[in-house]
Every structure is written in structure tokens, then in C-alpha cells.
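The values are calculated or read from the model by the stated rules, or taken from the named source; none is laboratory data. No experiment lies behind these values; they were computed from the predicted model shown. Glycine also receives a Cβ, built like all others from the backbone with ideal geometry; neighbour counts cover every protein chain displayed. Note: areas computed on protein heavy atoms with side chains; ligands, DNA, RNA excluded. Shrake-Rupley method; radii C 1.70, N 1.55, O 1.52, S 1.80 Å.
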Amino acid sequence: MTRTFAAAAAGLLLATAAAAQEADWADPAAIRASGHAAEPLPAGLLAAYEMRDTEAVDHLGRFLATSPTDVVARRTAMSTLAVVHLRNGAYAEAATLLEAALADFAPGSAERRGVEQTLAVARALVGAPPQTRAPLTPGSVVYTRDPAGLPRVPLTINGQVREYVFDTGANLSVVTETQARELGLEMLGETAGVGSITQEVAPAHVGVARTLTIGDLQFHDVVFLVMPDASLSFANGAYVIPGILGFPVISRLERVTVADGRVAWAPSAGPAADRDLFVSGLTPRVYGHVAGGPPVPFALDTGANRTSLRPVALEARPDLAGGAVARTRTVGSAGGTQQVEGRRLPSLTLRFDAVEVTLSGVDVAEESSGGDVHGRLGQDVLARGYVIDFPGGDFALMSGSESPQ
């Protein structure tokens, strides 16, 4: 039995991708190739994937103003627009759209639960100021690796110094209840159940840090999910995550380079010529080649210590299953640990641009918040160093190698 850690527990089970799949809207490349990319709904979805949020609001707003009768199209537009508002701090607008979208999802469905969970967070934040950032100038900090091999970065939150996991896979930043009290976070609203990769609902509250500084760069009004201490304690307390720096802050660092023991940031280099990074709601995903095949999407998860596949990857490529053996692994994320039954591939080759990586012992198993991705890209690949340009839509893996411990 093996143990895998994925700090990304703030994974809100957003319904956007699940709804979009029904109309082949989950793949940005398919939208571009459809011949309809100039129409309001596809244009709005594509803009949302590419973080062109002002355009997404315009296109999706115009589509919804036509009072569409197609249920799938309507709920896809509403849930996508809600998440665009959420990631820009327009919490009341997000809550209104999610409330309207609920009626279009079947009672008891995973998609409806995702909307309900996201709505709980949006409602708690209504009236809170949006997150803001000081003007972006290049900077960097030294990071360390914890016992699970996850990167931790130094932060100053409400004047107190902390080291938290640097986690692109966390839809929101996370702290334990003890940390929230020590940091003096402003607590908002009622308990909001959120999803993680190990369970569909984990208890949480919502809190706001008035200031958060990384290096010399300051953010204001940063949202945190506040979870019970036990939710971020593993192996009988031998491994504890006090906090997680998540996507809403990391993405605003624009162009992030992680290499040679440092996390550095700088303004975006502009749109990539061949975009291979998109954002689905609050989850970045990158496209890579599996065993020489066509590009497929992976969740980009710097808070996972191992790369893994989902069964959909083997459905698309049954030839990969040769030599796979049944395997039980313990997966830890915020919300606790879970025994996961799946399979283990003896080896797997991935390629991102011109950089090829061969992994041994790659697990294949389903997860609660999988969406439409084929797998989760973790530190066994990312430890060699990488560049993420969020506004530019560019992901580049370095050819070097650094042990993740």
C-alpha cells in the first residue's frame, strides 16, 4: 500500500466542467475548432478558460440576456459566469447566478452538490471586499520541501510569519482553525461544506486575511477556507499541514517560475503562441502527451506529491493498461485520508513541449473532484522546475531535475 498526499483540498466541486461536457464545451481546443467560437456562449466559455474575464462576463451576459431555453447551455453559462465573478471578488453576483442555476441541476446529482457547495462559499462572502494586489513587480522567495515533498513558501499574514504549502490545485487558500485564530482572520458566514479529492464534502468555514505578503508583494482581503485541525493532520499527527496558499493568490503572481529552490514571479510575457494552459473555474489544467498520444488535460497540482491518472485516461488509451496491477493506496488531502482502490502502471512516459519524463509506478484511480481531466500532474514531474504564465496560457517544464524528497 502506498501513501499519496494532495494538499488540494479546497477543491470546490464546481459544476461548470461537468455541465459543459454534455455539449463538448469542456475542451477549449474543441471550442476553437467548432466554427462557433465567435458566438456568445462559446466565446464566453473560451474567454473564461483563458482568464480573459472581462470578455467572459460580456459574452456570457449577452447570451443569458437572450433567455436561453436549452437547459444545458443555460446552466453552463450561469455556472461559468458565476465562477468568473467568484475569482474576481464579485461575490454577490456569483451567489445570484448560482442560486438561479440550481434549478437546472438534478436533485442529488454530483453537479448540483458542486453548485450548492460553491454557493455556500459565495453567500458567506457577500459583502466582503474583493481580493486586491499591489502593482506587480518581479520578486522571489526561497521555498522548502516538507516531509511529503510538497513545496512550502514563506508568507506574512496579518503581520505574522508562516510557511504554507504552495498549491495550484487548491481552489482557495486553506488554514486550520488553530491557524485562523492565531492569525486573527475575520470569520464569515456559516459552515460551508466543500469537496476534496478524497471526499465529496469536508466541513469548512470561510475567513478573510486583511493582508498577505509574499516576498515584497502584498495582497489584501485574501479568502481562506478554515478547516478543522484534524482535516489537515495525517499519519496520526506525524505530518501536519497548517495552511495552503491556493490558486486565487498564485494566479495573480502572473508568470511563476519554480526552480533552483526559489519561487519567482514577474508580469506575464503575453499570450502564448500555442496555448497549453487553461483555467477551468478555479483549477489550472495543462495539456501533455501520454505515451506518444495526442495532448490530453491534466490538473496542474503543485500540492500533489505524485502524478496520477484517472480511469478516463485508460478508456482513451487501453494500450496503456498492459502490466497494470491492482493496488490500494492511501490518499491524503484536506478533509482526511481515504483508501482508494485502483491500478498501478509499471511505467508511463509524459511529454510537455519537448521535455519528456518517464515515471515508474503510476496509480490509476477515480477521485471525487476529477472533472474531465485525464490525471493530476504532481511533484514527481514538477520537481525538475517549471514556468506557469497564467494570463499568457503557457506552461513549460524544465529539463533539469530536483529531488522532491
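Projected label points at HIS36 and THR178, each 7 Å from Cα along the beta carbon direction, are separated by 5.3 nanometres. What you get for the chain, charging only the Cβ of Lys and Arg (+1) and of Asp and Glu (-1), is a dipole of about 580 debye around the Cα centre.
Note on segment 29-86: dipole from Cβ charges, positive end direction compared against THR54, ALA77, ALA43; the farthest Cα belongs to ALA77. Seen from THR283, the other residues with C-beta closer than 12 Å to its C-beta sum to a net charge of 0, counting Lys and Arg as +1 and Asp and Glu as -1. Adding -39500 (n - 2.57) for every DSSP H run of four residues or longer, then dividing by how many residues the chain holds, sets the calculated 222 nm ellipticity at -7000 deg cm²/dmol.
Evaluated with a Cβ-only charge set (Lys, Arg +1; Asp, Glu -1), segment 44-130 carries a dipole of roughly 140 debye about its Cα centre, given to the nearest 20. Across segment 372-380, computed HN-Hα scalar couplings (Karplus, 6.51 cos²θ - 1.76 cosθ + 1.60, θ = phi - 60°) run 10, 6, 8, x, 10, 8, x, 5, 5 Hz from first to last residue, x flagging Gly and Pro.
Let me make sure I get this right: for segment 106-247, a, b and c are the square roots of the gyration tensor eigenvalues over alpha carbons, sorted descending. Under 1.5 in a/c it's rounded, otherwise prolate if a/b > b/c, else oblate. Which is it?
Oblate shape, in that a/c is at least 1.5 and b/c is the bigger or equal ratio.
Once the 1.4 Å probe is applied to the protein heavy atoms, the chain comes out at 37 Å² accessible per residue.
Averaged over residues, the count of other Cβ atoms within 10 Å places the peptides 203-209, 165-171 in the sequence 165-171, 203-209, highest first. Reducing segment 48-112 and segment 227-284 to their Cα centroids gives an inter-centroid distance of 25 Å. Modelled label positions at MET187 and GLU55, each set 7 Å beyond Cα in the direction of Cβ, lie 4.3 nm from each other. P(r) for the chain, please, calculated from all Cα pair distances in 20 Å bins and given in %. Percent of Cα pairs in each bin: 29, 62, 9. Considering only ALA272, ALA148, ALA47, give the residue with the highest GNM mean-square fluctuation for the chain, with springs between Cα atoms whenever their separation is below 10 Å. Greatest mean-square fluctuation among the candidates belongs to ALA272. Packing here is the average count of other Cβ atoms within 10 Å per residue, and on that basis the peptides 219-227, 291-299, 86-94, highest first, run 219-227, 86-94, 291-299.
In terms of the Cα gyration tensor, with a ≥ b ≥ c the square roots of its eigenvalues, is segment 56-119 rounded because a/c is under 1.5, prolate because a/b exceeds b/c, or oblate? Because a/c hits 1.5 or more and a/b fails to exceed b/c, segment 56-119 counts as oblate. Highest mean packing comes first when the peptides 252-262, 104-114 are listed by Cβ atoms within 10 Å, giving 252-262, 104-114. At full extension, ASP260 and ALA103 could sit 51.5 nm farther apart than now, given 0.36 nm per residue minus the alpha carbon distance.
Compare the Cα positions of GLY169, LEU253, MET398 along the charge dipole of the chain (+1 at Cβ of Lys, Arg; -1 at Cβ of Asp, Glu; about the Cα centre) and return the one farthest towards the positive end. Highest projection toward the positive end goes to MET398. For the chain, the fraction of 1.4 Å probe accessible surface lying on carbon and sulfur atoms is 52 percent. In this simple spin-label model, placing a label point 7 Å from the Cα along the Cα-to-Cβ direction at both ALA273 and GLU356 gives a separation of 2.2 nm.
Once the Cβ-Cβ distance of THR211 and GLU315 is raised to the sixth power relative to R0 = 51 Å, the FRET efficiency obtained is 0.65.
Using C-alpha pairs under 8 Å with a sequence gap of at least 6, the mean separation divided by the residue count of the chain gives a relative contact order of 20 percent.
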